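**Q** Below: one structure in structure tokens.
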Amino acid sequence: MKKVNKIVIVTLLVSFLIPLISEPVSAAKENTLGYYEEKLAQAKAEYQANRNAISKTQSEISASQAEIERLKQETLSLTEEVKKLSDEIDAYNNKIKDKLLESKQLLEYLQLSGGKNVYLDYVFKAESVTDFINRSYVVKEIVAYNQKTIESLEEMVEGNKKREAEIEQRKVAITQKESELQNSITTLGEKKESLTAGGVGIEQEIKFNQEYVDMYKKLGCKTNDVIGVDCARQGGTGVFRRPTQTGYVTQEAYYKPSYSHRALDIGSKKGRSEKIYPIANGKITKIYRDNYGALCLTIEHYNIKDGKYYTSLYVHMSAYAPGLYVGKDVTSNDYIGYMGDTGYAFGVHLHMEVFPCRMYNPTDSNCSNWSKYDAFAKKMLRNGYNPRDLISFPSGTYNSWSTR
């Protein structure tokens, strides 16, 4: 009985521990370069599928346009055929009139020949009764022939009219088909535009992922290496680190309807000699002076833990590090400048913002320009966002640190 209880207990422990063991393994896999390479491969496959869909859609558009052109040519041919049929009907009717008139005149000859006085002279100058009978018979045959001819012509007229009706029905069908094809072309055009727009986004994702794969490889990462552990060690909490070696927070980020402060302000006893570092590996996206003359720099990051893009903004620097340029890949160990008080600043400090969006990136509807970024940042702050959740700082203000 005791042995059975031990087996049950062991089984329960194993079933309880398996999820605890598998979860870290899964999380670790998501932090490897191989996982990142897989995302790049998936993006490339999506892009190829997108290009194939665009090509197929364009082929469908071209086929529909060709069919519309063919139908237009068919309509022209049918219009010409209707004109020809109408001309034939007019000609047939004229022939019918002529035959009716001819038959009428011949019948009048026969009626008049029945009189006693002038029939021999009137009917074809007959010289005898026998001749008259023969000639009268010929007249009847001609009248009968004319009647058959008229009937034949009338059948042709009816045939032409029937064909005209069929053509009109066909033209109506063609018009309807052209309308359907035109609607299809419009729909396909919208689909192509959507696919093209989607392709631009995928292209950007491929570019960004490729840059990060190349960067991590350059930092010595291999497929199964855990980023931040086996290679590209960044310290701090995950991929985010403090922007200075020493310092303290002087002002928090907060939201108020009257005034909002998007950044954490950071001071240092070293003043202008304190170096500024990226909070994580990334790519420089903008180097500029703001309207007040402050030296500013933005870096775009991709957080492999939550799969989101972030932008960090550094303001009031006294000088930039040498060799910086837009598009340059930087690590969290590459300094980008020195703390300062350029622009609208009260004392030497770093004004540092970080929000989950791609600032100045046209594919990011939240942050594609400054006004959108400002509105997005305020909304995030209003909803409880705090950069402290990403970067480990001592709690409160003026509590210093001496390591990143």
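None of the figures in this text is laboratory data; all of them are computed from the coordinates on show. As the structure is a prediction and not an experimental result, all values here were calculated from the model. Quick reminder, even Gly has a Cβ in these numbers, built from the backbone with ideal geometry, and neighbours come from all protein chains shown.
**Q** At 0.36 nm per residue, minus the direct Cα-Cα distance, what do S179 and Y259 gain on full extension? Give it in nm, one decimal, please.
**A** In short, 23.1 nm is gained.
**Q** Just order 78-86, 272-280, 34-42 by mean Cβ neighbour count inside 10 Å, highest at the front, would you?
**A** Answer by packing, highest mean first, reads 272-280, 34-42, 78-86.
**Q** In whole Å, how far is the Cα centre of segment 69-105 from that of segment 160-195?
**A** If you average the Cα positions of each part, the centres end up 28 Å apart.
**Q** Over all alpha-carbon pairs of segment 248-389, lay out the pair-distance distribution in 10 Å bins, whole %, shortest bin first.
**A** In whole percents, the pair-distance histogram is 12, 43, 38, 7, 0.
**Q** Taking amide H positions as placed in the peptide plane 1.01 Å from N, state which residues far from V226 in sequence (5 or more) or on other chains have amide H under 5 Å from it.
**A** The answer is C231.
**Q** Where Lys and Arg each count +1 and Asp and Glu each count -1, what net charge lies around E155 among other residues with Cβ under 13 Å from its Cβ?
**A** Net charge around E155: +1.
**Q** Multiplying the sequence separation of A45 and L100 by 0.36 nm and subtracting their Cα-Cα distance, what value in nm do you get?
**A** Numbers: separation 55, 0.36 × 55 = 19.80 nm, distance 8.09 nm.
My answer for the length gained is 11.7 nm.
**Q** Per-residue counts of other Cβ atoms within 10 Å, averaged by peptide: what ranking do you get for 245-257, 317-329, highest first?
**A** Going by the mean number of other Cβ atoms within 10 Å, highest first, we get 245-257, 317-329.
**Q** Continuing with this model, one more query. Could you compute the net charge surrounding I287? Neighbours are other residues with a C-beta less than 15 Å from the C-beta of I287; K and R count +1, D and E count -1. Write out the running numbers ahead of the final one.
**A** Values: positive: K283, K286, R289, K328; negative: D290, E300, D329, D334.
Surrounding charge for I287 is 0.
**Q** Sticking with this structure for a sec: Students often forget the sequence filter, so: which aspartates and glutamates lie under 18 Å Cα-Cα from K140 once same-chain residues fewer than 8 apart are removed?
**A** By straight Cα distance, K140 reaches D98, E102, E108, D131, E151.
**Q** Which of the lysines could be linked to K217 by a straight reach, that is with a Cα gap under 24 Å, when you skip same-chain ones fewer than 8 residues away?
**A** Counting by Cα, and skipping residues close in sequence, K217 has these lysines nearby: K29, K39, K44, K207, K283, K305, K308, K328.
**Q** Using a cut-off of 16 Å between alpha-carbon atoms, which lysines can reach K177, once sequence neighbours fewer than 8 places away in the same chain are excluded?
**A** Correct list for K177: K72.
**Q** Same structure, new question: Give me the distance between the Cα centres of segment 243-320 and segment 137-156, rounded to whole Å.
**A** So the separation of the two Cα centres works out to 106 Å.
**Q** Rank the residues L264, L71 as a footprinting-exposure proxy: fewest other Cβ atoms within 10 Å of their Cβ go first.
**A** Lowest to highest Cβ neighbour count: L71, L264.
**Q** Over segment 269-353, calculate the relative contact order: mean separation of alpha carbon pairs under 8 Å at least 6 apart, over the residue count, as a percent.
**A** Numbers: 206 pairs, mean separation 31.7, N = 85.
It comes to 37 percent, rounded to a whole number.
**Q** Quick one: if you take sqrt(5λ) for each eigenvalue of the C-alpha gyration tensor of segment 293-359, what semi-axes come out, biggest first, whole angstrom?
**A** The three semi-axes for segment 293-359 are 23, 14, 9 Å.
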